[in-house]
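Enquirer: First the structure, then my questions, so here it is.
The values are calculated or read from the model by the stated rules, or taken from the named source; none is laboratory data. Just so you know, these numbers come straight off a predicted model, no measurement behind them. No Cβ is skipped: glycine too gets one built from the backbone with ideal geometry, and neighbour counts run over all protein chains shown. Calculation scope for accessible area: heavy atoms of the full protein, side chains included, ligands and nucleic acids excluded. Shrake-Rupley method; radii C 1.70, N 1.55, O 1.52, S 1.80 Å.
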Amino acid sequence: MISFLLKILVAHVLGDFVFQSDRWVQHKESKKAKSKFLYIHIIIHTILVLILLQFNVDYWLAFLILPISHFVIDLFKIYLRKILNSRLSFIVDQLAHLAVILAICAYYYPKMLSFEFQLSETLLLFVLSILLLTYGIAVFIKIIMSQWELPEDSDQDSLSKAGKYIGIIERLFVFAFVLMEEWQAIGFLIAAKSVFRFGDLSRAKDRKLTEYILIGTLLSFGFAILIGLLYQNLLDNL
């Protein structure tokens, strides 16, 4: 079953991301069902599935359903762009493709693909750690930093919510490095962030802003290290 699933996923990734150019996507969005590239795209997907599944006639239903469902989902995505933005329509599109792929796998291998799962303590601990790293800590840091108000730090030229996402990504990196016991990588990450922020600090020439950024950075890294160590300790005792 795993081999079957991986082959279909490889065909999907090749067809959607490797053998499809931006020009094709733009043409499909403008011409919709009349776009020739929509049909070329489906033909490529069909060929990839046939090749990777080695033309095995036992999988005739997969050869039939996958291209048809891909066509319907892609067409639905094109018209969905009028309602949703590109990010949401892309996520819905890929989730729909994945759902079809899993349904095909469940049809051919019903005993090996079960949607019944038990929320083990290990899984719950990992989910809790990720939630704290992505959202929980951000709230703590925001509350702590709220005692200082620095209007100079609100740069109109910065990306929307960039600081939030940078914080989330850096904490996930730190968490992973703690689990791998790569402490030098954490030091490198701090140094790299300091280099990128040095330009802002040197232009600002403001001691308060420097201290504000330093406190926020140390809190973010400190909480991430703490959660990583707690996760390791609790995992060893489960």
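Enquirer: Whether any residue in the stretch 13-27 is over 30 Å from A106 (Cβ atoms), at pLDDT 90 or above and of a type in the set (K, R) is what I want to check.
Expert: yes
Enquirer: Looking only at the stretch 212-229, count every residue that is open to solvent by 80 Å² or more (accessible area, probe 1.4 Å) and at pLDDT below 95 and tell me the total. Give the derivation first.
Expert: To start, the set of residues in the stretch 212-229 that are open to solvent by 80 Å² or more (accessible area, probe 1.4 Å) comprises 214, 218, 226.
Then keep just the ones that are at pLDDT below 95; that gives 214, 218.
Looking only at that region, the number is 2.
Enquirer: Exactly one of (1) in contact with a Ser or Thr (Cβ under 7 Å, 6 or more places away or on another chain); (2) under 16 Å from D93 (Cα atoms); (3) of a type outside the set (F, W, Y) is unmet by H27. Its number?
Expert: It is condition (2) that H27 fails.
Enquirer: From (1) surrounded by 11 or more Cβ atoms within 10 Å (Cβ to Cβ); (2) of a type outside the set (G, A, S); (3) modelled with pLDDT under 95; (4) over 22 Å from A103 (Cβ atoms), pick out the condition that doesn't hold for K7.
Expert: (4)
Enquirer: Further question on the same structure: Does any residue in the stretch 210-238 that is closer than 16 Å to S146 by Cβ come within less than 8 Å, Cβ to Cβ, of a residue that is of a type in the set (D, E) six or more places away or on a different chain, and which pairs are these?
Expert: Partner pairs satisfying both residue conditions: Y212/D153; I213/D153; I213/D200; S220/E170.
Enquirer: Being at pLDDT below 90 and among the small types (G, A, S) is the filter; apply it to the stretch 113-131 and report the residue that is nearest to I101 (Cα to Cα).
Expert: Filtering the stretch 113-131 down to residues at pLDDT below 90 leaves 113-124.
After this cut, where a residue has to be among the small types (G, A, S) as well, the list is 114, 120.
Details: S114: 14, S120: 26 Å.
Among them, the one singled out is S114.
Enquirer: Of all residues in the stretch 158-211 being over 18 Å from K142 (Cα atoms) and of a type in the set (D, E), which is modelled with the lowest pLDDT?
Expert: Per the criteria, the residue is D200.
Enquirer: How about the stretch 25-77: which of its residues are assigned to a helix (DSSP H, G or I), hydrophobic (A, V, I, L, M, F, W, C), open to solvent by 80 Å² or more (accessible area, probe 1.4 Å) and within 17 Å of F4 (Cβ to Cβ)? Let's see the steps before the verdict.
Expert: Here is the first cut: in the stretch 25-77, the ones assigned to a helix (DSSP H, G or I) are 25-34, 36-52, 57-77.
Next cut, hydrophobic (A, V, I, L, M, F, W, C) only: 25, 33, 37-38, 40, 42-44, 47-52, 57, 60-66, 68, 71-73, 75-76.
Narrowing further to those that are open to solvent by 80 Å² or more (accessible area, probe 1.4 Å): 43, 47, 51, 57, 60, 64, 68, 72, 76.
Across the stretch 25-77, the qualifying residues are I51, V57, W60, L64.
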